[in-house]
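The values are calculated or read from the model by the stated rules, or taken from the named source; none is laboratory data. Remember, predicted model here, so these are calculated numbers, not experimental data. Virtual Cβ from ideal backbone geometry, glycine too; neighbours counted across all protein chains shown.
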Amino acid sequence: MRKTFTAATLGLLMAGASVVATGSANSHGYTESPVSRQKLCATGAVSGCGNIQWEPQSVEGYKGFPSAGPADGTICSGGNGQFSQLDDPRNGAWPATSVSSGQSQNFTWRFTARHATSDFKYYITKQGWNPNQKLTRAALESQPFLTVPYGGKQPPSTLSHSGNLPSRSGKHVILAVWTVADTPNAFYACSDVKF
């Protein structure tokens, strides 16, 4: 019994050290509206999510998307292998927020660490993309449909802004990218929507 306790304690200490070493203990932010895959996992609306259910704010990867940043097929996880469940298309079965083509949409972020911010960008999948495949740059429009400059300021604990959605029909993914001004990273959030 003592041996099991010691092994469990050592495991917890190593996990804690890993979190401190990677900086994810201070991490960081995710979209609440339209609801992101990581929020769906955190609330239990979707099961089988792995570690992201406890760290919805930690989908952090290199910035510079689309010319840099996470590799194709790992975009929704920010290229972070421990959150790879977010990249799984689940045969197109992620719950989707109902939205209207061409209409104004609110985008709401929740921050657990408020970094100096360059901007927020929103990309959407092309008409005719395949929802049964992992997200790639080729599946997304090359330019964001909405860019919100933030001038290096720190956002409040929640932030909303709005913009008009492109004309679409059917199921799509909106990729939200929060670019941090004073680190080499950005935060990524995929939201499934249905027009």
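Being in contact (Cβ under 8 Å) with a residue 24 or more places away in the chain, in a loop (DSSP other than H, G, I, E, B) and surrounded by 14 or more Cβ atoms within 10 Å (Cβ to Cβ), is that true of even one residue in region 80-91? Checked against the condition, which is being in contact (Cβ under 8 Å) with a residue 24 or more places away in the chain, in a loop (DSSP other than H, G, I, E, B) and surrounded by 14 or more Cβ atoms within 10 Å (Cβ to Cβ), region 80-91 yields at least one hit. Residues in region 58-90 that are in contact with a Pro (Cβ under 8 Å, 6 or more places away or on another chain) and more than 17 Å from HIS28 (Cα to Cα): PRO89 only. Could you grab the pairs with beta carbons closer than 9 Å, sequence gap of 6+ or different chains, first residue in region 122-147 and of a type in the set (A, V, I, L, M), second one in a strand (DSSP E or B) and surrounded by fewer than 17 Cβ atoms within 10 Å (Cβ to Cβ)? The qualifying pairs are LEU146/HIS161; LEU146/SER162; LEU146/GLY163; LEU146/ASN164. Among the residues of region 177-195, those that are outside any loop (DSSP other than H, G, I, E, B) and not charged (D, E, K, R) comprise VAL177, TRP178, THR179, VAL180, ASN185, ALA186, PHE187, TYR188, ALA189, CYS190, SER191, VAL193.
Yes/no matrix, rows are residues, columns are (1) of a type outside the set (Phe, Trp, Tyr); (2) within 17 Å of the chain's Cα centre (by Cα); (3) loosely packed, with under 14 Cβ neighbours inside 10 Å:
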{"site": "GLY128", "(1), (2), (3)": "yes, no, yes"}
{"site": "LEU140", "(1), (2), (3)": "yes, yes, no"}
{"site": "LEU146", "(1), (2), (3)": "yes, yes, no"}
{"site": "GLY152", "(1), (2), (3)": "yes, no, yes"}
{"site": "GLY163", "(1), (2), (3)": "yes, no, no"}
{"site": "VAL173", "(1), (2), (3)": "yes, yes, no"}
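Name every residue in region 28-56 that is among the polar types (S, T, N, Q) and under 23 Å from THR183 (Cβ atoms), in order of residue number. Passing the criteria: THR31, SER36, GLN38, ASN51. For the condition among the β-branched types (Val, Ile, Thr) and under 24 Å from SER157 (Cβ atoms), THR74 does not qualify. Kindly indicate the residue of region 109-126 that is closer than 19 Å to LYS63 by Cβ and of a type in the set (Val, Ile, Thr) and also surrounded by the most Cβ atoms within 10 Å (Cβ to Cβ) among those meeting that condition. Only one residue fits best here, namely THR117. Restricting to region 64-76, count the residues that are surrounded by 21 or more Cβ atoms within 10 Å (Cβ to Cβ) and either within 13 Å of VAL173 (Cβ to Cβ) or hydrophobic (A, V, I, L, M, F, W, C) (or both). Total meeting the criteria: 3.
Taking the conditions (1) at pLDDT 95 or above; (2) within 19 Å of PHE187 (Cβ to Cβ) in turn, GLU55 satisfies each one other than (1).
Evaluation of SER100 against the conditions (1) surrounded by 14 or more Cβ atoms within 10 Å (Cβ to Cβ); (2) outside any strand (DSSP E or B); (3) small (Gly, Ala, Ser); (4) in contact (Cβ under 8 Å) with a residue 60 or more places away in the chain shows that the sole unmet condition is (1).
Condition test on CYS41, is it surrounded by 23 or more Cβ atoms within 10 Å (Cβ to Cβ), more than 11 Å from the chain's Cα centre (by Cα) and not aliphatic (A, V, I, L, M)? I'd like the intermediate steps shown before the answer.
Working: surrounded by 23 or more Cβ atoms within 10 Å (Cβ to Cβ): yes; more than 11 Å from the chain's Cα centre (by Cα): yes; not aliphatic (A, V, I, L, M): yes.
Criteria met by CYS41.
When the test is whether a residue is more than 18 Å from PRO66 (Cα to Cα), more than 17 Å from the chain's Cα centre (by Cα) and among the acidic types (Asp, Glu), ASP182 passes it.
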